[in-house]
Amino acid sequence: MKLAVTGKGGVGKTTIAGTLARLLGRDGIRILAVDADPNYNLWTSVGIDAAAAQTIKPLLEIEELVRERTDTPLVELMGSFFRLNPRVDDLASKYAVEGPDNVSLLVAGTVNMGGQGCMCPSAALLKSLINHLALEGDEAFIMDMDAGIENLGRGTTRGMDLLLVVVEPGMRSLETLDRIKGLAEDIGLSRVVAVANRVMDEEDRSVVSKYLASREIPLIGVVPYDNELRRADMSSQAPLDYCPDSSAVRAIHDLKTSILDYLRDLLPSAESGS
Ligand SMILES: Nc1ncnc2c1ncn2[C@@H]1O[C@H](COP(=O)(O)OP(=O)(O)O)[C@@H](O)[C@H]1O
Ligand SMILES: [Mg+2]
């Protein structure tokens, strides 16, 4: 299962992605959490301690690695030339930092942009990582992305099973959804779902759900506004460690169940279960 979390800046992507990762990890799934936000801070919501976080070296900022992996030779196949995808299968075991609950974290770091339709090596390596990272049946990949998937160029999320868009009640956040959905369609990613975050009341919920219904995007979770999450952030703790019984964490738990339900047809273990 490969899952990407996206949405406007500040909507709660990192909070939700990190908490989801650990909740899935507790189900016995090995989770590779990938932080693709240039201001990487997913480690905080996963609950990796600051000392371990200090040792993180964002993958795309290791120049030698990027050069070595993306400088792949052209190969000839049936009269045409192709560039091989950079090798990525060993990156997680070499560079991921271990966190709690079966979660390990790989920090991608900043993609050096080269303008429109960026073919820069770091973007190529990130795409390859997403598209060609092989997962076993009991593994999952969760990526926390900054606002625009378009920032990374087309094809970045092609290898994803599900794009989870975090929205909050408000037009600025909801309108990013249209762009994201358009892009997802362009790359043939059909599973786009939304979670509403920071929902205060029934009216908030209804605004979001009407908007989503008009765009035919399923709303698969609702996370209430919860001060405990802010306090967790202020005390530099993961929500799951600071306020495991808070209403927001409980809602993320329900979100996890909905995601597994939604992806049931993809998950081999679902059939062999009860
Ligand atoms: N449901 C919520 N209720 C209250 N505060 C929240 C909620 N979700 C997120 N926050 C707070 O909002 C801030 C931004 O969240 P974050 O997950 O970093 O957003 P993003 O990754 O989308 O930029 C953090 O301080 C976080 O604790
Ligand atoms: Mg974030």
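The values are calculated or read from the model by the stated rules, or taken from the named source; none is laboratory data. Bear in mind that the values here come from a model prediction, so they are computed numbers and not experimental data. Here the Cβ is made from the backbone with ideal geometry for all residues, glycine too, and neighbour counts use every protein chain on show.
Listed residues Ser209, Ser190, Ser269, Ser258; which is more than 16 Å from ligand 1 (Cβ to nearest atom), within 21 Å of Leu3 (Cβ to Cβ), of a type outside the set (Asp, Glu) and modelled with pLDDT of 95 or more?
That would be Ser258, the only listed residue that is more than 16 Å from ligand 1 (Cβ to nearest atom), within 21 Å of Leu3 (Cβ to Cβ), of a type outside the set (Asp, Glu) and modelled with pLDDT of 95 or more.
Restricted to segment 34-49, and to residues that are among the β-branched types (Val, Ile, Thr) and surrounded by fewer than 24 Cβ atoms within 10 Å (Cβ to Cβ), which residue is farthest from ligand 1 (Cβ to nearest atom)? Give the steps one after another, and end with the answer.
Just the residues of segment 34-49 that are among the β-branched types (Val, Ile, Thr), to begin with: 34, 44, 46, 48.
If we keep only those that are surrounded by fewer than 24 Cβ atoms within 10 Å (Cβ to Cβ) too, we end up with 44, 48.
On the way: Thr44: 8, Ile48: 15 Å.
Result: Ile48.
Among what's in segment 1-11 and is surrounded by fewer than 24 Cβ atoms within 10 Å (Cβ to Cβ) and either within 9 Å of the chain's Cα centre (by Cα) or within 16 Å of Leu260 (Cα to Cα) (or both), pick the residue that is nearest to ligand 2 (Cβ to nearest atom).
Leu3
Among the numbered criteria (1) touching a Cys at 6+ places or on another chain (Cβ under 9 Å); (2) without any contact (Cβ under 8 Å) to a residue 24 or more places away in the chain; (3) among the aliphatic types (A, V, I, L, M), which single criterion is violated by Leu229?
Against the list (1) touching a Cys at 6+ places or on another chain (Cβ under 9 Å); (2) without any contact (Cβ under 8 Å) to a residue 24 or more places away in the chain; (3) among the aliphatic types (A, V, I, L, M), Leu229 comes up short only on (2).
Looking at Glu64, is it over 28 Å from Ala194 (Cα atoms) and at pLDDT 85 or above?
yes
Looking only at segment 12-45, which residues are within 9 Å of ligand 2 (Cβ to nearest atom), more than 9 Å from the chain's Cα centre (by Cα) and not in a helix (DSSP H, G or I)?
Those that are within 9 Å of ligand 2 (Cβ to nearest atom), more than 9 Å from the chain's Cα centre (by Cα) and not in a helix (DSSP H, G or I): Gly12, Asp37, Asn39, Tyr40, Asn41.
Of all residues in segment 40-90 being free of Cβ contacts under 8 Å to residues at least 40 places away in the same chain and of a type in the set (Gly, Ala, Ser), which is farthest from His132 (Cα to Cα)?
Ala51
Against the definition (more than 14 Å from ligand 1 (Cβ to nearest atom), assigned to a helix (DSSP H, G or I) and small (Gly, Ala, Ser)), how does Ala53 come out, yes or no?
In short, yes.
In segment 212-236, what residues are within 16 Å of ligand 1 (Cβ to nearest atom) and of a type in the set (Gly, Ala, Ser)?
Result: Gly221, Ala232, Ser235, Ser236.
Kindly provide the set of residues from segment 155-193 that are surrounded by 19 or more Cβ atoms within 10 Å (Cβ to Cβ), farther than 25 Å from His132 by Cα and free of Cβ contacts under 8 Å to residues at least 40 places away in the same chain, ordered by number.
Listed by number, the residues that qualify are Pro169, Leu174.
Given the residues Lys2, Lys8, which is the only one that is within 19 Å of Val192 (Cα to Cα), within 16 Å of ligand 1 (Cβ to nearest atom) and touching a residue at least 60 places away in the same chain (Cβ under 8 Å)?
One residue alone meets the criteria, Lys8.
Any residue at all in segment 67-85 that is surrounded by 20 or more Cβ atoms within 10 Å (Cβ to Cβ), more than 19 Å from Lys2 (Cα to Cα) and either within 16 Å of ligand 2 (Cβ to nearest atom) or of a type outside the set (Lys, Arg) (or both)? Talk me through it step by step, then tell me what you get.
First, the residues of segment 67-85 that are surrounded by 20 or more Cβ atoms within 10 Å (Cβ to Cβ): 69.
From what is left, the residues that are more than 19 Å from Lys2 (Cα to Cα) are 69.
If we keep only those that are either within 16 Å of ligand 2 (Cβ to nearest atom) or of a type outside the set (Lys, Arg) (or both) too, we end up with none.
No, segment 67-85 has no match at all.
For Pro239, only one of the following conditions fails: (1) surrounded by fewer than 20 Cβ atoms within 10 Å (Cβ to Cβ); (2) within 16 Å of ligand 1 (Cβ to nearest atom); (3) of a type outside the set (A, V, I, L, M). What is its number?
(1)
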